[in-house]
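The values are calculated or read from the model by the stated rules, or taken from the named source; none is laboratory data. Since this is a predicted model, take the numbers as computed values, not measurements. In this analysis, Cβ positions are derived from the backbone assuming ideal geometry, glycine residues included, and neighbour counts consider all displayed protein chains.
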Amino acid sequence: MKTCFLGTGGYTGQVAVRGWPVPPAECDREEAAKSMATAIRNYRLAEEAGFDWISISEHHYQPGLMTPNPAILAAAVSRETSRVKIALLGPLIPLVNPVRTAEEIAMLDALNGGRTVVLFLKGTPNEHATYGTNPAETRDITQEGVDLILRAWTEPQPFSWEGRYFRYRTVSVWPRTVQDPHPPVFYSGNSEESAQFAGRRGLSIAIGFAPPEKVKQQVDIYKRAAHAAGWEPTHDNVLYRGRMVIAETDSAANEIAERIRARAPATTPTGAPAGAGGGDPTAGVAGIQFVGGPDAVLRKAQTLHEAGVGILDVAVAGGGMTRSLELFGRLFAPALKEVA
Amino acid sequence: MSGLVEIGVGPPIVALGVSFAGSDAHRLLAVRFRVVALEAEDDAAAAAARFVAESGLEQVGFLGVGAAASAEALLAAAEAGERARSIVLASPGPPPADPRLLKIPKAVLIGTDDPAQPPDAVATWRAALPGCHVVLIYEGGGDVAAIRPRAFAEAAGDFLERQGRFGFMTGSVAISPG
């Protein structure tokens, strides 16, 4: 099983205001620079700890995830690492110019020697307010945008695109991606419709924060759509995103998890309700899906692998990031590689 | 035998295509062109050439909608010689074995999900018509004029109007100019 370090590019200072958007006045300029340096350092430590991938997502107008353009941070991380895949998980297609995104990702792939992976998403509801996007149209915009980007990466001659949401009379992306025909592309597998779209288009899927039985259900939908389209996905086509609290023992990990839950805000950094569904401490984006020492985490990883997952994208906590990554590298990474 | 349906005022366009005359795509294109749709039962190219010769028009745009009509439009444009200003082929199917070499601006409109087009359709058309512009009509299927008439009319109309400069948009993007 492959592992991916979900970093945040988060603000390292204190912010008194919660919710979304957070006023820029809360951001100390020097602290912003320090935050980016810290994020890059953490990604470098993640590579040293044995992660196979590192991931950067797109979020706006708040301090928890300060990556409105993930490609910029990815470019910096590309020069600080040499082995890990650099995963943009991912650009929010309704918020961006897809041709520009195709260009940026191609440029990134050239910068990192073909280590780029990308997940195209439609964004969380609050983020559709960022640039004034109609939430009712985001699914269709995202699907068309993905089709356009794939075409922009693979068409060898200039072309025009007359879509429902995008019109470009000249598309001719330079540079070409190092990876041929293009970097691995993931799509959301969280809904039935999105899993089917990914299967039809030959894309991989990413499922976030769901329990294993839900993951298996989505993977089955995805595989049926892929089979109907004439191909068979493997574990490497399914990524699972979750939060992981680790320690040398289960009891120590549980204590850390309790402290994290106690100070959890009412909303997530992206503005979504943080309350865990039905009292389940593992449910939802604010839940913690992995808690424990090596054996407990391995059992959960094994369950997800049996549901079809081949890549774990995890935000790791274990008593400070440096210590968490050292612990992950020493006790968890080698064992997780053996999950099959 | 042939029929003729003419709609609109503006630069003249001769359009060939089964079921194109009077369609939504025809009406939308006629907002800024004089679109003369010919429905010939036998030799549409000859009918189009005859119409151009008899009309006295000095500059004409040509449009072929569908595989057979696109092949006929290519012949008609070649026959029209210097009177042919530009040509657009919509969902043209595979290129004819021996397409006429036209020096006028050319565009091919292909649906991204056209079931009749092989994966290399774009490359095939580029080889058959050197210098042609390829416009991908998203989810235009095998008949972009019928399935995406507005997209068809925008792309075809802009090309017929501005040819190689159709990449420069002319409409204002101001949101609140007043």
- Message: Given the condition more than 14 Å from chain A (Cβ to nearest Cβ), crowded, with 23+ Cβ neighbours inside 10 Å, part of a helix (DSSP H, G or I) and among the small types (Gly, Ala, Ser), answer yes or no: does some residue in the stretch B:51-68 qualify?
- Response: no
- Note on the structure: Out of (1) at pLDDT 95 or above; (2) surrounded by 15 or more Cβ atoms within 10 Å (Cβ to Cβ); (3) small (Gly, Ala, Ser), the one A:Ser251 does not meet is (2)
- Qualifying residues in the stretch A:159-174 (those that are at the interface with chain B (Cβ under 8 Å from one of its Cβ atoms), touching a strand residue (DSSP E or B) at 6+ places or on another chain (Cβ under 6 Å) and not polar (S, T, N, Q)) - the one nearest to B:Gly140 (Cα to Cα): A:Glu162
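Residue-by-condition table, conditions (1) more than 13 Å from the chain's Cα centre (by Cα); (2) more than 25 Å from B:Gly111 (Cα to Cα); (3) modelled with pLDDT of 95 or more; (4) of a type outside the set (Lys, Arg):
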{"residue": "B:Ala44", "(1), (2), (3), (4)": "yes, no, no, yes"}
{"residue": "B:Ala48", "(1), (2), (3), (4)": "yes, yes, no, yes"}
{"residue": "B:Glu54", "(1), (2), (3), (4)": "yes, yes, no, yes"}
{"residue": "B:Leu63", "(1), (2), (3), (4)": "no, no, yes, yes"}
{"residue": "B:Ala67", "(1), (2), (3), (4)": "no, no, no, yes"}
{"residue": "B:Ala71", "(1), (2), (3), (4)": "no, no, no, yes"}
{"residue": "B:Ala80", "(1), (2), (3), (4)": "yes, yes, no, yes"}
{"residue": "B:Arg85", "(1), (2), (3), (4)": "no, no, yes, no"}
- Among residues belonging to the stretch A:14-48 that are in contact (Cβ under 8 Å) with a residue 24 or more places away in the chain and small (Gly, Ala, Ser), point out the one that is surrounded by the most Cβ atoms within 10 Å (Cβ to Cβ). A:Ala46
- Message: Would you confirm whether or not the stretch B:169-178 contains a residue that is at pLDDT below 95, within 10 Å of another protein chain (Cβ to nearest Cβ) and either assigned to a loop (DSSP other than H, G, I, E, B) or more than 13 Å from the chain's Cα centre (by Cα) (or both)?
- Response: yes
- When you scan the stretch A:174-204, how many residues do you find that are part of a loop (DSSP other than H, G, I, E, B), touching a residue at least 60 places away in the same chain (Cβ under 8 Å) and hydroxyl-bearing (Ser, Thr, Tyr)? 1
- Item | Out of A:Ile86, A:Ile54, A:Ile105, A:Ile72, sole residue that is within 28 Å of A:Glu326 (Cα to Cα), part of a helix (DSSP H, G or I) and within 17 Å of the chain's Cα centre (by Cα) | A:Ile72
- Query: When the residues of the stretch A:127-157 are filtered to those that are facing chain B (nearest Cβ under 9 Å) and exposed (fewer than 14 other Cβ atoms within 10 Å of the Cβ), which remaining residue is farthest from B:Phe159 (Cα to Cα)?
  - Reply: A:Pro156
- Message: Taking the conditions exactly as written (at pLDDT below 95 and surrounded by fewer than 16 Cβ atoms within 10 Å (Cβ to Cβ)), does A:Gly287 satisfy them or not?
- Response: no
- Subset of the stretch B:135-162 (residues that are over 12 Å from the mean Cα position of the chain (by Cα), within 12 Å of chain A (Cβ to nearest Cβ) and either closer than 15 Å to B:Ser70 by Cα or outside any loop (DSSP other than H, G, I, E, B) (or both)): B:Leu136, B:Ile137, B:Ile147, B:Pro149, B:Arg150, B:Ala151, B:Arg162
